[in-house]
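A short worksheet on the structure shown next.
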Amino acid sequence: MRRSGGNTSAARAVSAKDERAGRDPNRRAGASKPGPAAAAPTALPGGGADDDRDWTPAHALAPGLHVVATPIGNLGDITLRALWVLRGADRILCEDMRVTARLFARFGIDKPLLPYHDHNADRARPGILAMLRAGERLALVSDAGTPLVSDPGFKLVRAALAEGLPVTMAPGPSAAIAALVLSGLPPDRFLFVGFLPPRSAARRRALSAWRNLDATLVCYESPARLAASLADMADVLGDRPAAVARELTKRYEEVRRDGLTALAAHYRQEGAPRGEVVVVVGPPEESAPDDATIDRRLDELLSRLSLRDAAALLAEQTGIARNVLYRRALALQPGARK
């Protein structure tokens, strides 16, 4: 997922100079190293050891394609293994060379960058596969977060696996997972659907396919389309609890939690927010909504739909008989359009 540069204050604890010198940048000046009686280093995956200075595997980076997650905003979220992989790779495949170059400058990484993005993926893929066949060590990064999530890396990984070429992963930050955790909505079953279609009709068709899915929905959305998208969600899915997360891990991180209807109204009034946006929507309600909730939903729908259409839409969302909702709406809004 493409994101703008984030807050670097938390990343100052990591010094590129210290990393290159093999020193622990978090060690206080004058602190002594542990003596012989200190506990033995803890073995880590990949053959490395965790001592008081750094984490460096005992072996060289193996040939193959290494998928590497990078920070989604706060540079302090880079992992030690990600730094080791990026420094050990022969070349780095990236979406935007300018974005990756800024990350590398921060951590003192000097490796050749090759563009691999939506516009050149089909042309670039054969050459990349040839490099892997020749035994090169290639790292794949996105502009931010975990590659393959809403970027063309999936086709490269699939092509490499089809040829029996080695593929491995250095996991790390993900905007979708961070938003799910912060939403307060059930995380045990969730469906990540990427970016929703930009046009309302297509978006509503997509949402309809997930209406009865007993799982939390997670999607990315453009700030400019956020209010309209939330309104479509409220219409198609019902007024479910939801969360809008933006600027995750950055200084102005914000998570707004409310019903879909209220969230749509907020962003209609306030306008498009700044930064990258993740929307999390709770699963369908297990029980029928109470009378007060039904009245509130009917009142909102009647502000823009005819009585008949409002009753039909709410019947679709809740499973309550349409004629029951029609009579209720008629009682609430005796002058409503028929």
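Please treat every number below as a calculation from the coordinates, not as lab data. Bear in mind the structure is a predicted one, so any value in this text is a computation, not a measurement. As a convention, Cβ positions derive from the backbone with ideal geometry for all residues, glycine included, and neighbour counts pool all protein chains shown.
Before moving on, here are some points about what is shown:
- Between Ala215 and Ala105, the simple spin-label model (points 7 angstrom out along Cα→Cβ) gives 4.1 nm.
- Based on Cα contacts under 8 Å between residues 6+ apart, the stretch 291-332 shows a relative contact order of 41 percent.
- Packing-based exposure ordering (other Cβ within 10 Å, fewest first) of Tyr267, Tyr116: Tyr267, Tyr116
- Each peptide in 309-319, 248-258, 225-235 gets a packing score, the mean of other Cβ atoms within 10 Å over its residues, and the list from highest to lowest is 225-235, 309-319, 248-258.
- Three-way shape label, the stretch 57-191, alpha-carbon gyration tensor, a/c 1.5: prolate
- Cα lying deepest toward the dipole's positive end in the stretch 176-281, options Pro186, Leu213, Leu196, charges on Cβ: Leu196
- This ranking places Leu161, Leu148 by how few other beta-carbon atoms lie within 10 Å of each, fewest first, which gives Leu161, Leu148.
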